[in-house]
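Presented below is the structure to which this report refers.
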Amino acid sequence: MSTTTNGSVDLIDYDDAVKRFDPVFGIEVHVELGTRTKMFDSAPQVFGAEPNTAVSPTSLGLPGSLPVVNGTAVEYAIRIGLALNCQIAETCRFARKQYFYPDVPKNFQTSQYDEPIAFDGHLDVELEDGTIFRVEIERAHMEEDAGKNTHVGGATGRIQGAEYSLVDYNRAGIPLVEIVTRPIEGAGARTPEIARAYVQSLRDIFRALGVSQARMERGNVRADVNLSLRATPDSPLGTRTETKNVNSFRSVERAMRYEVSRQAAILAAGGTVTQETRHWHEDTGTTTAGRIKSDADDYRYFPEPDLLPIAPSREWVEEIRAALPEMPVARRRRLQTDWGYADAEMRDVVNAGAVELIEATIAAGASPASARKWWMGELARVVKGTDGELEDLPITPTQVGELQQLIDSGRINDKLARQVLEGVLAGEGTPEEVLVERGLGVVSDDGALLAAIDEALAAQPDVAEKIRGGKIKAVGSIVGGVMKTTRGQADAGRVRALILEKLGVEG
């Protein structure tokens, strides 16, 4: 048993928990579609706008305002459904999901309930070791996002204990697609890993389709993680909890592990798991109770009277299917062949989220090997131990390509390149600008190099004699002296050749 507590219940060690109980999970992923306007009105979709400026009477729920369906959002939803191997409905409709909350100004959310636009799909998820796990998808349906509440005061940032709350309706009405899995069984101890890989695969698909920026830190993609435990794989499903709005891959995995350990401890002690929503706390790595989980009947769904059914023609659906881009898994396999990476190398690139970065770096003139060296070596070390991602670094693939070109042209060596990289990351400019400003170019003038060689030979006469005597390996000591004098800016190969020439020794 762990000493970490949740209320009065100790957490069971994760490995022990999955030996004693069989986890069953499901994930609901919400993706904000990257349309110019909102789902049901002409208000602009703008990230970071002043609060309550990207609104209209419809997104504010004002009396008399009427919705109009965003055709681009429907197309994007069909793209997603097709990419997830779903059937596309010949006709579907919107419904009103009734509930009161300050960030839903209409007191209902316009969503799809029993008639989603896409259904009966699946996604084959590739894990880090190459294992393929199929996730069955129940449906993908269209709906609108809610606004954003900000609770001011208090210690938790939540409504409990806050002094007052602010509501921003800029997000209200932004088009969403919600993708709902069927219960996922048979994952066992790999449940958190599969959950993470599934959400990451969806994010990659959204980006490939061009339907969303899919930036999790902005809330473009959010996951609700459902989990229950049962005694054996043959037992009935257990009572589930739903951890809401988890917005990073790492958090999806951590939240799943925590809930397995928490629920296992409750069941092992003879208790009963409560069906409820739970909140994920990134700082503590724990979940806490939210509200008792509502069932569909509690929302009093009924067909939206102000919107006609959506009936995408089969011709239109097939046009969309024919225009789908290459999917991420197929693209990665093609790129691996093109780049000549081993399976393990490509898995590392994929797991680091570096596929697009390396592809763009190669397009900027770097070789596949050098592009991987920079992103998976020097730059990966910069983000190691932080919560950041490679794509968040203040350097572009084009700049990495420029850095490699400086090496390939002989203007800098690897050691100097790392100093140039340091300057770019510090915001000092492009690689060329940093090179010039810091004076980091390779010393290529033979006169300057010979002067430095004379100085190094004079400082180490015994080494010079060893070299004349045939101990060629000793030349490294003289090269080192020259590199020190030139602050690492000499071409080591050229320096070695000049030393041997000056000493009359063939290398």
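The values are calculated or read from the model by the stated rules, or taken from the named source; none is laboratory data. This one's a predicted model, so the numbers in the text were calculated from it and none came from an experiment. Neighbour counts run over all protein chains shown; Cβ positions are idealised from the backbone, glycine included. Note: areas computed on protein heavy atoms with side chains; ligands, DNA, RNA excluded. Shrake-Rupley method; radii C 1.70, N 1.55, O 1.52, S 1.80 Å.
If Asp283 passes every condition in (1) charged (D, E, K, R); (2) in a loop (DSSP other than H, G, I, E, B); (3) open to solvent by less than 10 Å² (accessible area, probe 1.4 Å) but one, which one does it miss?
Among (1) charged (D, E, K, R); (2) in a loop (DSSP other than H, G, I, E, B); (3) open to solvent by less than 10 Å² (accessible area, probe 1.4 Å), the lone unmet condition for Asp283 is (3).
Scan region 337-349 for residues that are open to solvent by 50 Å² or more (accessible area, probe 1.4 Å) and over 19 Å from Leu127 (Cβ atoms) and jot them down.
Thr337, Asp338, Gly340
I'm trying to understand the selection: among the residues of region 370-393, which are part of a helix (DSSP H, G or I) and either of a type in the set (S, T, N, Q) or open to solvent by 40 Å² or more (accessible area, probe 1.4 Å) (or both)? Quick ask: steps written out before the conclusion?
Initially, region 370-393 is screened for residues part of a helix (DSSP H, G or I), giving 370-383, 390-392.
Of everything in region 370-393, those that are part of a helix (DSSP H, G or I) and either of a type in the set (S, T, N, Q) or open to solvent by 40 Å² or more (accessible area, probe 1.4 Å) (or both) turn out to be Ser370, Arg372, Lys373, Met376, Glu378, Arg381, Val382, Glu391, Asp392.
Only one of these is surrounded by 14 or more Cβ atoms within 10 Å (Cβ to Cβ) and either over 30 Å from Asn70 (Cα atoms) or of a type in the set (Ser, Thr, Tyr) (or both): Arg254, Arg334. Name it.
Arg254
For region 350-369, indicate whether the set of residues that are part of a helix (DSSP H, G or I), of a type in the set (Ser, Thr, Tyr) and open to solvent by less than 40 Å² (accessible area, probe 1.4 Å) is non-empty. Before you say what the answer is, go through the steps one by one.
As a first pass, look at region 350-369 and keep what is part of a helix (DSSP H, G or I): 350-351, 355-363, 368-369.
Subset that is of a type in the set (Ser, Thr, Tyr): 361.
From what's left, open to solvent by less than 40 Å² (accessible area, probe 1.4 Å): 361.
The answer is yes; a qualifying residue exists.
Of all residues in region 212-246 being acidic (Asp, Glu) and more than 13 Å from Glu28 (Cα to Cα), which is least open to solvent (accessible area, probe 1.4 Å)?
Glu217
Pairs under 9 Å by beta carbon, first residue under 25 Å from Val252 (Cβ atoms) in region 225-236, partner assigned to a strand (DSSP E or B) and among the hydroxyl-bearing types (Ser, Thr, Tyr), six or more apart or different chains?
Listed pairs, sorted by first residue: Val225/Thr241; Val225/Thr243; Asn226/Thr181; Asn226/Thr241; Asn226/Thr243; Leu227/Thr241; Leu227/Thr243; Ser228/Thr241.
Scan region 139-182 for residues that are within 30 Å of Leu123 (Cα to Cα) and either surrounded by fewer than 18 Cβ atoms within 10 Å (Cβ to Cβ) or of a type in the set (Val, Ile, Thr) (or both) and jot them down.
Answer for region 139-182, where residues must be within 30 Å of Leu123 (Cα to Cα) and either surrounded by fewer than 18 Cβ atoms within 10 Å (Cβ to Cβ) or of a type in the set (Val, Ile, Thr) (or both): Ile174, Val177, Ile179, Val180, Thr181, Arg182.
Being at pLDDT 95 or above, assigned to a loop (DSSP other than H, G, I, E, B) and not hydroxyl-bearing (Ser, Thr, Tyr) is the requirement here; does Glu136 meet it?
For Glu136, the condition - at pLDDT 95 or above, assigned to a loop (DSSP other than H, G, I, E, B) and not hydroxyl-bearing (Ser, Thr, Tyr) - is not met.
Listed residues Pro312, Pro305; which is of a type outside the set (D, E, K, R), closer than 30 Å to Lys106 by Cβ and touching a strand residue (DSSP E or B) at 6+ places or on another chain (Cβ under 7 Å)?
Of Pro312, Pro305, the one residue that is of a type outside the set (D, E, K, R), closer than 30 Å to Lys106 by Cβ and touching a strand residue (DSSP E or B) at 6+ places or on another chain (Cβ under 7 Å) is Pro312.
Got a number for residues in region 123-138 being out of contact with any His (no Cβ under 7 Å at 6 or more places or on another chain) and surrounded by 15 or more Cβ atoms within 10 Å (Cβ to Cβ)? It would help to see each step written out before you state the result.
Within region 123-138, the subset out of contact with any His (no Cβ under 7 Å at 6 or more places or on another chain) is 123-133, 138.
Checking which are surrounded by 15 or more Cβ atoms within 10 Å (Cβ to Cβ) leaves us with 123, 125-127, 133, 138.
The total comes to 6.
List pairs: first in region 334-361 and among the polar types (S, T, N, Q), second modelled with pLDDT under 95 and assigned to a helix (DSSP H, G or I), Cβ under 7 Å, 6+ apart or cross-chain?
Going by the 7 Å Cβ cut-off, the qualifying pairs are Gln336/Met346.
So is Phe206 under 25 Å from Leu357 (Cβ atoms), of a type in the set (Phe, Trp, Tyr) and open to solvent by less than 10 Å² (accessible area, probe 1.4 Å) or not?
yes
Return the residue satisfying two criteria in turn: it lies in region 216-231 and is among the aliphatic types (A, V, I, L, M) and in a strand (DSSP E or B), and of such residues it is farthest from Arg171 (Cα to Cα).
Leu229
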